[in-house]
Amino acid sequence: MIAWQMLRFALGGLAANKVRSALTMLGVLIGVASVILLLAVGNGSSQAVKNSITSLGTNSLTVSSVNARGSGSAAKKLTVDDAKALAAATDSPSIKSVAPVVTTTGTALYGNISYTPGSIVGTYPAYFETANQKIAQGDYFSNDDVLNSRKVAVIGSTTAAQLFATEDPVGKKIVVGGTPFTVVGVLATKGSTGFNDPDDVVIAPLPTVQNAFTGFGAVNQILVQASSAEATTTAQSDITRILMGTHGIGDPSKVDFRISNQTSLLTARESTTKTFTVLLGAVAAISLLVGGIGITNIMLVTVTERTREIGIRKALGAPKAVILGQFLTESTLLSVLGAGLGVLAGIVGSQFSIVGIKPVVIPESVLGAFAIAVAIGLFFGSYPANRAASLRPIDALRHE
């Protein structure tokens, strides 16, 4: 019965100051919604990166240049000859296919439409299988196209949409950086990671891109496909052995290249995105703290305004516990109502993409944010409630 009375008095106190109560709940709402949304964005980013990396396949290896350690001479860059040496190694059955890659940027033109794709890639046909690039329309270019340096290109779905809208791109000509290319295929959509769009790309034969854009020097990286996921470790050893030979390196500690597999990339990216998520959660938690401070201020004002009421109730015999319970109930109700609305706002907000990322709600964040908000209401409401319960009846009745 006493609990019901405290709840009734608390609801009456909140209803008597609707605007003030609403503003206090708004602070808690923003805090809870921020925690849920920002953690969902961090989790969504992590999922997108994970999907992007795993979509390349578990047997893909990426070779890139690095500075040689402990060497006084300049590091040798990766070249097409290195890729050919890897592809021609008959004593390395663990290596299934090899694709040297150069990347650049440029503006693509189709009719009166001008668009700059995210990247222009020059490579071999083996690139498509190694990078798990499926074709949606048309076909890939061939090894014969590479040998004859033909000006053909396969474009991503984003690039196709920007240049051609609903028109079929296959067979059409586009001009990239002043060089005409015939579109022979459109890649299937892979989906954005939130930071870059793998579908915003133009892929052409390596010699064609080198001749038109980058020159016939170093390549950016070499993609290698191992014969199976289980053979990646062996393939990595074979790649190291072969490239040490082509680069004239005798000491394994002084290699001027790095080999990355999808597992190591995934581990590194997950570590980064977890740090990013924790940072977002910490920033959002500040909003909850601000909401708690708001509860303290509002409850202190409430105690001051209702001092005479408190004095009358205490003079009529209301014990300290009842007064304490009433004001604690009010502050807790503010938190519960604000947190409930915050959870609803956070879940609704997570249904929309934010900065290109589809948020993925973490159930624990919903429960945690709600529980913390309620705990904050109890904690920050305890001081005003205790102050109200500790007033002497005579002092309270004399209060103006």
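The values are calculated or read from the model by the stated rules, or taken from the named source; none is laboratory data. All values reported here derive from a predicted model rather than from experimental measurement. Glycine gets a Cβ as well: all are built from the backbone with ideal geometry, and neighbour counts include every protein chain shown. The accessibility values were calculated without ligands, DNA or RNA, using every heavy atom of the protein model including side chains. Shrake-Rupley method; radii C 1.70, N 1.55, O 1.52, S 1.80 Å.
Quick notes
- Net length gained if the chain between Asp144 and Val348 were fully extended (0.36 nm per residue, minus Cα distance): 68.2 nm
- With each label modelled as a point 7 angstrom along the Cα→C-beta vector, the Thr233-Val290 pair spans 5.2 nm.
- Against the criterion of solvent-accessible heavy-atom surface with a 1.4 angstrom probe, Lys172, Lys254 sort, most first, into Lys254, Lys172.
- Within the shell defined by Cβ-Cβ distances under 14 Å, the residues around Gln137 carry a net charge of -2, with Lys and Arg each +1 and Asp and Glu each -1.
- Model label sites at Ala188 and Lys77, defined 7 Å from Cα along the beta-carbon direction, differ in position by 3.5 nm.
- When all protein chains stay in place and ligands, DNA and RNA are ignored, the 1.4 Å accessible-area order of Thr24, Thr79, Thr105, Thr166, largest first, is Thr166, Thr105, Thr79, Thr24.
- Amide H partners (placed H, <5 Å) of Thr107, local residues excluded: Gly177
- Bridging of Lys320 to lysines at a Cα separation below 29 Å is possible for Lys18, once same-chain residues fewer than 8 apart are set aside.
- Charge tally around Val186: other residues with Cβ under 13 Å, Lys/Arg +1 each, Asp/Glu -1 each, net -2.
- Within-13-Å neighbourhood charge of Val121 [Cβ basis; K, R +1; D, E -1]: -2
- FRET efficiency, Val360 to Arg308 (Cβ-Cβ, R0 51 Å, nearest 0.05): 0.45
- Spin-label model distance (nm) - Arg392 vs Thr90, 7 Å beyond Cα toward Cβ: 10.6 nm
- Estimated FRET transfer efficiency when R0 is 35 angstrom, pair Lys172-Ala371 (beta carbons, to 0.05): 0.05
- With all protein chains in place and ligands, DNA and RNA left out, the 1.4 Å accessible area ranks Ser34, Ser92 as Ser34, Ser92, largest first.
- Burial ranking of peptide ranges 335-344, 145-154 (average Cβ count within 10 Å, highest at the top): 335-344, 145-154
- At R0 = 35 Å, FRET efficiency that the Cβ-Cβ distance of Ser253 and Leu279 yields, to 0.05: 0.50
- Listed cross-link partners Lys96/Lys254; Lys151/Lys190; Lys76/Lys254; Lys190/Lys274; Lys76/Lys96 are compared with a 19 Å cut-off, the Cα-Cα value being larger for Lys96/Lys254; Lys151/Lys190; Lys190/Lys274; Lys76/Lys96.
- Given charges at Cβ of Lys, Arg, Asp, Glu: region 126-242 dipole, positive-most of Val202, Phe213, Phe128: Phe213
- Phe352 - accessible surface, heavy atoms, 1.4 Å probe, Å² rounded to 10: 130 Å²
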